Amino acid sequence: MNLASLIKENFLIPLGNNINKPTSISLNSKTVQNGGLFVAIPGLKHDGAAYVDEALQRGAVCIVSPQGVGEKLLPLFKDRYPHVSFFVTPEIRKTASCLAACFYPLQPDNIVAVTGTNGKTSVASFIRQIWGYLGVPAASLGTLGLIVEGRSLPPPTGTDGLNSPDPIKLHQILQSLKEEQINHLAFEASSHGLHQHRLDSVNIKAAVFTNFTNDHLDYHHTLEAYFEAKCRLFDEIMFHGTHAILNADMPEYEQLLILCQKRNLSPVTFGKAGQSIRLVSVIPEAEGQDVMLSIKNETYNFSFPLVGEFQVYNMMAALGAVIACDGNITRAIEACMNLKGVPGRLEEASHGVYVDYAHTPDGLYRALKALRPHTKGNLWVVFGCGGNRDALKRSLMGEVAAKLADKVIITDDNPRHEDASSIRQQILASCPGAQEIGLRREAISYVLKEKKSDDVVLIAGKGHETYQLVGDQVLPFNDVEEVQKGPKQ
């Protein structure tokens, strides 16, 4: 699709007859190049319309803004910049994705999108690892950045915490992968990215829905709106005949299946109730799990090297995606026997001490349930909750900790601009008997000093993160490194 097509289909509505052919595209006025196009998107913090003047001064020859806004901008600039093309659009974010695809049209042939509340990073990583085992050049993209064949590159999203890049960065990545002959990509599709139409012009061959639980209500406000954002992947973005990899054991499964059938998507279901990949049994072992799967009337019994039943579900989701993209089942199973966990996802930082990114009630529940079979003594948990985020989950996470752990320590996560003590009190209200140690470093040191040899410790909430956000400060902090330092003497 090119500029003329977008005009013809009313994605772009020109204000006047002057239609230039821009040579580049930008969503940020500071990166506009001479001869470029600037998309003025209204954001959560900044309105792109306020930066049109700067974009024009930097040499923009096309300005795209929302309908109702561009008409007001035109009189302000048309006399000073008579050569510039001004466009309006009824759907500014969707149009931005379409424009990004115009400038960077190449994409890998096999793209898998992974959505859901928990497990996105692990599933995307597992898919990439399985493809690698099959001898296929592959990449994964998301929270941990862009990883190609085990080679980690600088995160394309910077340090803003987004696991779905803006559409221009995303399509630049897609094109560069294709040019490097990397034709297989698994990427995380966040609810924010889906709601903001960042992924609308990606040619997705298969999409995974891992699970759905309480999260991001600070942004979506209601669970219904959060679920609808996730469903956009299947309801609006996926093409007819592509594959939907669905967790048959999640409560929303039937609703998702009906949606996919209406869209003529080909379902691949996994789980204990899965029709495509059925979990027959899973038995905890000393350093992993014994797993039996039924796939296409064949039984596969193998040793899976990671702990936690939720990791088995992540593995099945990845397996379903690879099979949907024509991967060999037997070889893919062999790959599953050699999968490696991603940083900060039940990562064993030292003997009996695990670091996990669990920052939702369901994530904490799954991590504690995963570690219980491997615990002979007490099961400890150290966690907090992030500030300026969904506050409703704080009491829920306290309830989970009180129910599933033997010893609970409430500490700070990323308090951001909230009062850290207030966050801790909201958790403690539903977690009677828990101990409060505000400074995370001291909390980790304390538990390392107090734990017995047959105890197991879960340090939850930050996982792979290498920083702590306190006010406007970004402080160096790494849970794994703190564990490996050992307790303070």
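The values are calculated or read from the model by the stated rules, or taken from the named source; none is laboratory data. Computed from a prediction, not measured in an experiment: that's the story for all the values here. Positions of Cβ are backbone-derived with ideal geometry, glycine not excepted, and every protein chain shown enters the neighbour counts.
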Handout entry: Selected residue (criterion: modelled with the lowest pLDDT) from residues of region 355-365 that are crowded, with 24+ Cβ neighbours inside 10 Å and not in a loop (DSSP other than H, G, I, E, B)
Key = Gly363
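Any idea how many residues of region 135-167 are among the hydrophobic types (A, V, I, L, M, F, W, C) and either at pLDDT 95 or above or in a strand (DSSP E or B) (or both)? Show your work before the answer.
Of all residues in region 135-167, those among the hydrophobic types (A, V, I, L, M, F, W, C) come to 136, 138-139, 141, 144, 146-148, 153, 162.
Subsequent filtering for residues that are either at pLDDT 95 or above or in a strand (DSSP E or B) (or both) retains 138-139, 141, 146-148.
Adding up the residues that qualify gives 6.
Given the residues Ala186, Ala248, which is the only one that is in contact with a Lys or Arg (Cβ under 8 Å, 6 or more places away or on another chain), assigned by TED's automatic domain parsing to the domain that holds Gly116, over 30 Å from Leu392 (Cβ atoms) and surrounded by 20 or more Cβ atoms within 10 Å (Cβ to Cβ)?
On the way: Ala248 fails: over 30 Å from Leu392 (Cβ atoms).
The match here is Ala186.
If you check Gly386, Gly377, Gly344, which single one turns out to be under 21 Å from Glu399 (Cβ atoms) and part of a loop (DSSP other than H, G, I, E, B)?
Gly386 is the lone residue from the list that is under 21 Å from Glu399 (Cβ atoms) and part of a loop (DSSP other than H, G, I, E, B).
One line per residue, one yes/no per condition, for (1) closer than 18 Å to Lys169 by Cα; (2) surrounded by fewer than 20 Cβ atoms within 10 Å (Cβ to Cβ); (3) without any contact (Cβ under 8 Å) to a residue 40 or more places away in the chain:
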residue: Ile19; (1), (2), (3): no, yes, no
residue: Arg58; (1), (2), (3): no, yes, yes
residue: Val69; (1), (2), (3): no, yes, yes
residue: Leu106; (1), (2), (3): yes, yes, no
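For region 446-474, which residues satisfy the criterion of being among the small types (Gly, Ala, Ser) and closer than 17 Å to Asp413 by Cβ?
Those that are among the small types (Gly, Ala, Ser) and closer than 17 Å to Asp413 by Cβ: Ala460, Gly461, Gly463, Gly471.
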Practice task
Any residue in region 470-489 that's among the basic types (Lys, Arg): show its pairings with residues that are surrounded by 12 or more Cβ atoms within 10 Å (Cβ to Cβ) and assigned to a helix (DSSP H, G or I) at Cβ separation under 6 Å, as long as the two are six or more apart or on different chains.
Solution key: Lys488/Ser445
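I'd like to check which strands (runs of 3 or more DSSP E) are fully inside region 18-124 and have at least 1 residues that are more than 30 Å from Lys205 (Cβ to Cβ). Outline the logic, then answer.
Details: elements: 37-39, 62-66, 85-89, 110-115.
Answer list for region 18-124: 37-39, 62-66, 85-89.
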Problem - Candidates Gly341, Gly308, Gly320, filtered to the one that is under 24 Å from the mean Cα position of the chain (by Cα), outside the structural domain of Asp413 (by TED's automatic domain parsing) and at positive phi - result: Gly308
Problem - Residue count, region 320-376 (criterion: small (Gly, Ala, Ser), touching a helix residue (DSSP H, G or I) at 6+ places or on another chain (Cβ under 7 Å) and within 18 Å of Ile409 (Cβ to Cβ)) - result: 3
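Report the residue count in region 12-35 for those that are within 18 Å of Ser97 (Cβ to Cβ) and in contact with a strand residue (DSSP E or B) (Cβ under 6 Å, 6 or more places away or on another chain). Outline the logic, then answer.
Of region 12-35, the ones within 18 Å of Ser97 (Cβ to Cβ) are 12-13, 22, 24-28, 31.
Then keep just the ones that are in contact with a strand residue (DSSP E or B) (Cβ under 6 Å, 6 or more places away or on another chain); that gives 12-13, 22, 25-27.
Result for region 12-35: 6.
Is it the case that some residue within region 302-310 is in a loop (DSSP other than H, G, I, E, B) and touching a helix residue (DSSP H, G or I) at 6+ places or on another chain (Cβ under 7 Å)?
Of all residues in region 302-310, those in a loop (DSSP other than H, G, I, E, B) come to 305-308.
If we keep only those that are touching a helix residue (DSSP H, G or I) at 6+ places or on another chain (Cβ under 7 Å) too, we end up with 307-308.
Yes, some residue in region 302-310 is in a loop (DSSP other than H, G, I, E, B) and touching a helix residue (DSSP H, G or I) at 6+ places or on another chain (Cβ under 7 Å).
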Exercise for the section: Could you run through region 122-137 and say how many residues are over 18 Å from the mean Cα position of the chain (by Cα) and hydrophobic (A, V, I, L, M, F, W, C)? Expected result: 4
